[in-house]
Amino acid sequence: MKNSRRTFLKKTAVASSGVVMAPTIVSSSVFGANDRINAAVLGVNGRGKSHIESLMAQKNVRVATLCDPDMNLLKERGATFKETYDKDVYLEQDLRRVMDDKDIDVVSIASPNHWHSLSVIWACQAGKDAYVEKPGSHNIWEGRKMVEAAAKYDRIVQHGVQLRSSPAVQEAINLMRDGYIGKVYMARGLVFRHRPSIGDKGFSPVPEGIDYDLWTGPAPKRPFTRNLVHYNWHWHWDYGNGDVGNQGIHETDLCMWGLDVGLPTKITSMGGKFLWDDAKEVPEVLTSVYNYPEENKIIQFEVRPWYTNDEGGATVGNIFYGDKGVLVVDGYDKYKTYLGKNREPGQSGSDGGKTASGMDRGAGGTDGHFANFIEAVRKRDKSILNGPVETAHLSSGLAHLGNIAYKTERVLTFNPQSETFVNDPEANEMLRRNYRKGFEVPNRV
């Protein structure tokens, strides 16, 4: 047992005001099947609640620390944790102290997008493994640095696209690899989500209990507003990436996985705000096209708000087009196929029970994705990860490319090898950001 009860109880319930500026590099841990893994969850408002539940569902895994800049949320989650599991949990506002804690083996990251890559990099430097929510990065440059850090420090990093752990979706991918719908030439990603107006709440004093400097972290520090904290940062460029970089990462990832492609060479996007006069900066409607001339493949991606029709039975999901039929993935864990010009129903599947090929269902979802992560941590084997760090960079990168094309309002030419735009200084400026002092993503990880 790596973290003794005596050591745990020595910690206080609330962090002091001191700051640890640099994570401490520690050696890799090797776990046996019966060794407890101590985890910290960074960000406890939205997806962080699912992270807590899924980590506590794993055998010999203990959530030892909850971390969030909002102490009000921390106290609420701590009380719920005690009530649910009858165990104490340490509450910490500053993730740098979590990185410095040698008793923590793994961190799961459910903070806002602008914190994701830096949190992963710090975790790797501190000798910890990491599970990071989608998108893995806020921009393309820092996503590559995240990949470099995982490689340099030999850490296990899982991207939170749980559909990769769905037996049904895995079966759908294998069907396409085996030619079930013929030559697959196009993927379409759908994000038709109910996104109402967020209004405009204006500026206000920072509420007691929130460390807004820590919440802001690497991003520009604006005056405090409830337009950002907590959830609505998704709709502001400095902190989020719109719905293509939110819900859409599940679908960008699946488009690329299904077509077996990396980043494209031609990108164009068009959209805008058509419904709400609110504080959102990102487009409500966004249509992006990603072209792969060398592979003779193409990705279409569409974000819509409010009420809409479905496509192929899905409102959030993916459609793959082949010369023999189409395959529709609806959500995270089910698929259908339609064959020939008459769209005759073909093979289908959903998690729960058994797939057509006889695989046990029910292994997907967040619990299953965390189980895959923990298995890789125990075995020190990156090769068994369903959502490795490279996929986090690429699927997030696809969304970022679409957003950059939207901002520049033109067709962009991209070099996937150098991960830069061709002869386009304006677009290249959008591949990275300026970081606040003390929260820089380093050039050399």
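Couple of notes before you dig in:
- Qualifying residue in the stretch 71-81 (condition: of a type in the set (Ser, Thr, Tyr) and touching a strand residue (DSSP E or B) at 6+ places or on another chain (Cβ under 6 Å)): no
- Where strands (runs of 3 or more DSSP E) fall entirely within the stretch 34-136, those with at least 3 residues that are more than 14 Å from the chain's Cα centre (by Cα) are at 37-42, 61-67, 90-92.
- Selection status of Ala15, assigned to a strand (DSSP E or B), crowded, with 17+ Cβ neighbours inside 10 Å and either touching a Lys or Arg at 6+ places or on another chain (Cβ under 8 Å) or modelled with pLDDT of 95 or more (or both): no
- Residue satisfying all of: in the stretch 396-445; within 29 Å of Trp122 (Cβ to Cβ), assigned by TED's automatic domain parsing to the domain that holds Pro264 and among the hydroxyl-bearing types (Ser, Thr, Tyr); surrounded by the fewest Cβ atoms within 10 Å (Cβ to Cβ) among these: Ser418
- In the stretch 137-188, the residues that are among the small types (Gly, Ala, Ser) and closer than 21 Å to Asn318 by Cβ: Gly160, Ser165, Ser166, Ala168, Ala172, Gly179, Gly182, Ala187
- Selection within the stretch 274-297: residues that are of a type in the set (Ser, Thr, Tyr) and in contact (Cβ under 8 Å) with a residue 24 or more places away in the chain. The member of this set that is farthest from His194 (Cα to Cα) is Tyr292.
- Applying a threshold of 6 Å to beta carbon distances and a minimum spacing of six or more residues, or different chains, the list of pairs starting in the stretch 420-444 at a residue that is without any contact (Cβ under 8 Å) to a residue 40 or more places away in the chain and ending at one that is of a type in the set (A, V, I, L, M) and crowded, with 17+ Cβ neighbours inside 10 Å reads Phe421/Leu412; Phe421/Ala427; Ala427/Ile404; Ala427/Leu412.
- Output for the stretch 409-427, where each listed residue is outside any loop (DSSP other than H, G, I, E, B) and either of a type in the set (Lys, Arg) or over 17 Å from Asn139 (Cβ atoms) (or both): Thr413
- When the stretch 145-163 is limited to residues that are assigned to a helix (DSSP H, G or I) and either on the phi > 0 side of the Ramachandran plot or charged (D, E, K, R) (or both), the one that is surrounded by the fewest Cβ atoms within 10 Å (Cβ to Cβ) turns out to be Lys152.
- Filtering the stretch 208-219 to residues that are assigned to a loop (DSSP other than H, G, I, E, B) and surrounded by 13 or more Cβ atoms within 10 Å (Cβ to Cβ) leaves Gly209, Asp211, Gly217, Pro218, Ala219.
- Selection count where residues are of a type in the set (Lys, Arg) and either closer than 20 Å to His116 by Cα or buried (at least 22 other Cβ atoms within 10 Å of the Cβ) (or both), scope the stretch 41-76: 2
- Any hit, the stretch 252-269, residues being closer than 23 Å to Asn403 by Cα, among the basic types (Lys, Arg) and outside the structural domain of Glu133 (by TED's automatic domain parsing): yes
The values are calculated or read from the model by the stated rules, or taken from the named source; none is laboratory data. Everything numeric here is computed off the predicted structure, so don't read it as measured data. Heads up, the Cβs are rebuilt from the backbone with ideal geometry, glycines too, and the neighbour counts pull from every protein chain shown.
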